[in-house]
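Visitor: Right, I'll just put the structure down here and ask away after.
Rule-based calculations on the coordinates, nothing more; no lab input. Being a predicted model, the structure only gives us computed values, none of them experimental. In this analysis, Cβ positions are derived from the backbone assuming ideal geometry, glycine residues included, and neighbour counts consider all displayed protein chains.
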Amino acid sequence: MSDPDSRLPDKDVPNMPQMLAQRQSLPSVRESVTHKFNIMGHEGYLTIGLFPDGQPGEIFIKMAKEGSTLSGLIQGYCRAFSLALQYGLPIDEAVARFKGMRFEPMGATGNPDIPEAMSIIDYVARYLDLHFVSHTDDRR
């Protein structure tokens, strides 16, 4: 049986790049924004935990059908997205990666700022883009 650590980079190898990112934790008491959304009858709540500087540091999405496959996948997405933010991924890069993802549920939202969404992930990315990404022009 092979050693599981044998797949990890050797710290003693010269010129081997080391991981430089360090996780920035949010304070135990933090500000947050909660936004209720609806995509073609699929209702949910997006909660965005904020770093002290007002930038997002974590996201949570609560959907009606807890325990469903969709709910589980969305929870996994939120954990990965939150960790990426805490390890320093700029919000504009995160948003750019997730805007335009297409899968059900999709369609009308009732939100005049985001009238149509291609998926829940697309909706969240566009919401974050509108509220947390600074734009120097009108492209969104």
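Visitor: Using the Cβ atoms and a cut-off under 11 Å, what net charge is assigned to the surroundings of Met101, where Lys and Arg are +1 and Asp and Glu are -1?
Guide: Every neighbour counted, the sum reads +3.
Visitor: Identify the residues of the range 30-47 with backbone N under 16 Å of a label point that sits 7 angstrom from the Cα of His131 along the Cα-to-Cβ direction, or state none.
Guide: 30-39, 44-47
Visitor: What are the ³J(HN,Hα) values, in whole Hz, obtained from phi via the Karplus relation 6.51 cos²θ - 1.76 cosθ + 1.60 with θ = phi - 60°, for each residue of the range 107-113 in sequence order, with x given for Gly and Pro?
Guide: Using θ = phi - 60°, the values come out as x, 5, 10, x, 8, x, 7 Hz.
Visitor: Looking at the range 28-134, which trypsin sites (Lys or Arg not before Pro) are in a loop (DSSP not H, G, I, E or B) and have at most 11 other Cβ atoms within 10 Å?
Guide: Qualifying residues, ordered by number: Lys65, Arg102.
Visitor: Mind listing the Cα extents of the range 30-132 along all three principal axes, in Å, largest one first?
Guide: Result, largest extent first: 34, 30, 23 Å.
Visitor: Now a separate question. Explain nothing, just compute: Karplus ³J(HN,Hα) = 6.51 cos²θ - 1.76 cosθ + 1.60, θ = phi - 60°, for every residue of the range 65-79 in order, whole Hz, x for Gly and Pro.
Guide: Residue by residue, the range 65-79 yields 9, 4, x, 6, 4, 4, 4, x, 5, 5, 4, x, 4, 4, 4 Hz.
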